[in-house]
Every structure is written in C-alpha cells, then in structure tokens.
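Heads up: the structure comes next, in structure tokens.
Laboratory data are not the source of any read-out in this text; all were calculated from the coordinates shown. This is a predicted model, so every value here is computed, not measured. Cβ coordinates were reconstructed from backbone atoms using ideal geometry, including for glycine residues, and neighbour counts include every protein chain displayed.
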Amino acid sequence: MLKSIFGRKEDEERVKMEGRLPPGQSLTNRFPVLHYGPVPRFDPAAWDLRVFGEVEAERRWNWEEFQKLPRIQVTMDLHCVTRWSKFDAVWEGVSLRALVDEGLIRLKPSARYLLQHCEYGFTVNIPLEVALQPNFLLATHFDGQPLDPDHGYPLRGVVGHIPGAEHKTPYLWKGGKWLRGLEFLAKDRLGFWEQAGYHNEADVWKEQRFAYE
C-alpha cells in the first residue's frame, strides 16, 4: 500500500513538472466510473450510428460497417471535472477529422458545432473545431481492449490532452458514452450537463468547471 501511495505521488510530481497536470487535478492510476443513468445493453444487430444535421447527406453505419472505417490509436491524458487525471491512456477508434477529410461525412459550410447523441437521450455538445482536433476520437478500445460497458462500450466520444500538443482540452465529460448519433449544428445547443450548470467550454487549463464560476 505504501509503495502504491508513494509511487502515485512520484508520478504526480513528474507530470506536474512536465506541465501536464492542470490546476485543481490529482493523478490517479485507476479509471473511475462516472455517468448518469444505467448502463445500456448492446445489441449489435440493432445498433447504428446516425450522422445528421448540417451535412450534405445523412449517413448511418451499422456495427459491422462502423468497424470497417479507418482506425487510429491516440495516447492522451484524461482530465475529469471531479478532479482526477489519468495519464498516457491509449485509445483506439475512428477519427472524426479523418471521416470529414476522406469525404465520408460531408459538412455544410454552416456546420459550427457537434452534438453527440447517446443512449437514453443523453447529449454532449462541443464546438466543431474541438471535434475535428486530433484529441477527439470516436473510441471503441482502451489500452488494447474493447471498452468496458461502464466506460461506454461499444462506442464513446473521448477527448483529452495529447502531451506536447496545443489543442484545446475540455474535461472528459465532453466525450459522450454509448454514442448513437452525431448531429452537426449551425448554432450551439447545450448538452445534458451544461443544462445542469456545468461550463459550456470546460477548458481544463482554465478550470472551467461550472457556468457560474
């Protein structure tokens, strides 16, 4: 136990010295589970991902089709609004930017925001510029294994910090678990937690946790 505590403290001091630990955060070696509502059951025969809104043509991929899309791996630091941070997490999935660049999703010039639609009507909003960054991924795997159901299996949005990069980094809640739809918007629309008082931009380096702060 003492070795675990001192090891964590040493790791935390290291990432702090490297400038990777945002203000108000503490390092964890675990992957805490936090979400609102029950964990949905996955039926691959019924699952699909819908792409709609400010796009030239709507798209739907079933589970078999989605797994055939181009895939990448991204190593990111994750920062939760509840003040834990997990470092050097390896994610695998589909890059939204790649889908746009390759013409698999054709956005209208009016597209400015992305609303992630998840199971049970849960929604998450982010600006398009963040959604198209390398640190936003439509993830299916974590550390070489398919996502656990508690962490969003079969598909979740994930956003974090790529060490050494200067992309905008929101808190982890800005990636929705159990993703079922990507709606591109001309005007912003608050997601579930933003309607409950969480900060709309959620920049981890500015500690933008709540709208009234």
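Data table
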read-out	value
Shape call, segment 29-124: gyration tensor on alpha carbons, a/c limit 1.5	prolate
Residue exposure sequence - E183, E10, E166 - by fewest surrounding Cβ within 10 Å	E166, E10, E183
Gained length - A45 relative to E10, 0.36 nm times residue gap less alpha-carbon distance	7.9 nm
Potential lengthening between A196 and N62 on full extension [0.36 nm per residue; Cα-Cα distance subtracted]	45.0 nm
Value of relative contact order over segment 56-213, rounded to a whole percent, pairs C-alpha under 8 Å and six or more apart	24
Alpha-carbon centroids, segment 193-213 and segment 155-186: separation in whole Å	15
Tilt relative to the chain, helix 2-17 - C-alpha long axis, 0 to 90 degrees, to 10	70
Projected area, mean over directions - segment 109-213, Cα convex hull, nm²	7.2
Point-to-point label distance, T75-V90, nm (Cα→Cβ direction, 7 Å offset)	0.9
Calculated FRET efficiency for the pair R30/F52, C-beta based, R₀ 41 Å, to 0.05	0.65
Stretchable slack from R106 to D148, in nm (0.36 nm times residue separation minus alpha-carbon distance)	12.0 nm
